[in-house]
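Input: a single structure, listed below in structure tokens.
Here, each number is a calculation from the coordinates, and none is a lab measurement. These numbers were taken from a predicted model, which means no experiment stands behind them. Please note: Cβ atoms are built from the backbone with ideal geometry, for glycine as well, and neighbour counts cover all protein chains shown.
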Amino acid sequence: MNDIVKRTVTRRLERTAESLRKNNIEAYIAETSAEAVKICEGLLKDGETISCGGSVSLAESGVLDLMRSGRYNFLDRSTASDRAEVEKIYRETFSADVFLTSANAVTENGEIYNVDGNSNRVAAICFGPEMVIFVVGYNKIVRNIDEAFLRVKRCAAPPNADRLNCGTPCTETGECVSVKAGGDMTAGCRCEGRICCNYVVSAYQRKKGRMKVILVKEELGF
């Protein structure tokens with residue numbers, strides 16, 4: 001990243017962070033993933049019950065390694081022996097102290113946009129855990145909600161559906177079938193493996209500081 005790009009990214013992150021704060025969402029800017037891990041470490045307390053949604057960003061940044069360090073009571077669905085145990089962990093997550101995740105997009109207006117298939121992730125974002133921490137690479141910053149839902153259709157859903165072996169059309173074409181047809185936010189395929197089922201925009205929050213967003217000056221996730 002050259003100096004001009006760095007300055008542009010910095011200004012965009014600062015603008016987005018300020019908008020998030022106006023929406024009662026705490027915002028931090030991390031220069032690197034390692035710094036993002038340090039910020040998470042400062043927000044978490046040893047012994048707390050924590051959980052997370054499926055997130056490439058958490059894995060790539062090193063935050064998932066922190067969660068698995070043994071310092072916390074981590075409700076880790078990857079350790080489940082069957083689907084019933086996974087579902088049990090999903091429900092236990094609502095009583096967690098902290099839920100960690102990324103976002104599909106964050107707008108410069110201070111909105112957090114997420115789309116889910118199982119919807120355990122968006123459910124925990126909206127209600128349950130006392131704190132929600134988002135770790136978001138600069139590649140997920142967009143101008144507005146219109147750009148956010150197009151980003152999901154083009155950049156987030158296809159690689160995630162492929163990663164999860166969902167067998168949806170977007171894994172073959174590289175974008176949602178609704179894009180060329182001019183479909184709106186919720187338009188898409190009608191496949192059993194569809195991962196774009198529920199749509200959540202987190203805007204102004206009543207509970208100040210429950211949501212915390214760490215914006216990272218690195219590309220993370222899809």
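Please compute the Cα-Cα pair-distance distribution of the chain with 10 Å bins starting at 0, giving whole percents from short to long.
Percent of Cα pairs in each bin: 8, 34, 37, 19, 2, 0.
Let me spell out the model: positive unit charges on the Cβ of Lys and Arg, negative unit charges on the Cβ of Asp and Glu, origin at the Cα centre of the chain. What dipole size does that give, in debye rounded to 20?
Dipole of the chain, to the nearest 20 debye: 560 debye.
Towards the positive end of the charge dipole of segment 1-111, with charges on Cβ (+1 Lys, Arg; -1 Asp, Glu), say which of Leu20, Gly47, Ser81 has the farthest Cα.
The residue sitting most towards the positive pole is Leu20.
Give me the net charge of Lys88's neighbourhood, meaning all other residues with Cβ under 14 Å from the Cβ of Lys88; Lys, Arg count +1, Asp, Glu -1. Walk me through the intermediate numbers first.
On the way: positive: Arg77, Arg83, Arg91; negative: Asp76, Asp82, Glu85, Glu87, Glu92.
Local net charge: -2.
List nothing, just return the count: lysine pairs in segment 78-222, 8 or more apart or interchain, with Cα separation under 18 Å.
Numbers: Lys140/Lys153; Lys140/Lys212; Lys140/Lys217; Lys153/Lys180.
Value for segment 78-222: 4.
Taking the Cβ-Cβ separation of Asp76 and Cys191 as r and a Förster radius of 22 Å, what is the calculated FRET efficiency to the nearest 0.05?
For R0 = 22 Å, the calculated efficiency reads 0.20.
How big is the Rg/Rh ratio for segment 136-222, C-alpha atoms only, Rh by Kirkwood, two decimals?
With Rh from the inverse mean 1/r over Cα pairs, Rg/Rh is 1.00.
Express as a percent, rounded to the nearest 5, the fraction of DSSP beta bridges in segment 81-166 (both residues included) that run antiparallel.
In segment 81-166, approximately 25 percent of DSSP beta bridges are antiparallel ones.
Note the full-extension length gain between Lys38 and Glu172 as 0.36 nm times their separation in residues minus their Cα-Cα distance, in nm to one decimal.
Length difference between fully extended and current span is 44.4 nm.
Placing +1 at every Lys and Arg Cβ and -1 at every Asp and Glu Cβ, with all other atoms neutral, what dipole size does segment 10-93 have around its Cα centre, in debye to the nearest 20?
The dipole of segment 10-93 has a size of about 300 debye.
So if R0 is 41 Å, what FRET efficiency would Arg7 and Arg83 give, r being the distance between their Cβ atoms, rounded to the nearest 0.05?
Numbers: r = 48 Å, r/R0 = 1.17.
E(calc), rounded to 0.05, equals 0.30.
Taking 7 Å along the Cα-to-C-beta vector as the label spot, tell me the Cys126-Asn24 distance in nanometres, rounded to one decimal.
1.7
Convex hull over the alpha-carbon atoms of segment 91-171: what's its volume per residue in Å³?
It comes to 96 Å³ per residue, whole-number rounded.
With Cβ to Cβ distances under 13 Å as the rule, what net charge do the other residues near Arg7 carry (K, R +1; D, E -1)?
Cβ neighbours under 13 Å give a net charge of +3.
Sorted by mean Cβ packing within 10 Å, highest first, what order do the peptides 71-79, 207-215, 174-182 take?
207-215, 71-79, 174-182
So for each of 103-116, 142-155 I average, over its residues, the number of other beta carbons within 10 Å; can you give me the resulting order with the highest mean first?
Values: 103-116: 23.9, 142-155: 18.5.
The densest-packed peptide leads the list: 103-116, 142-155.
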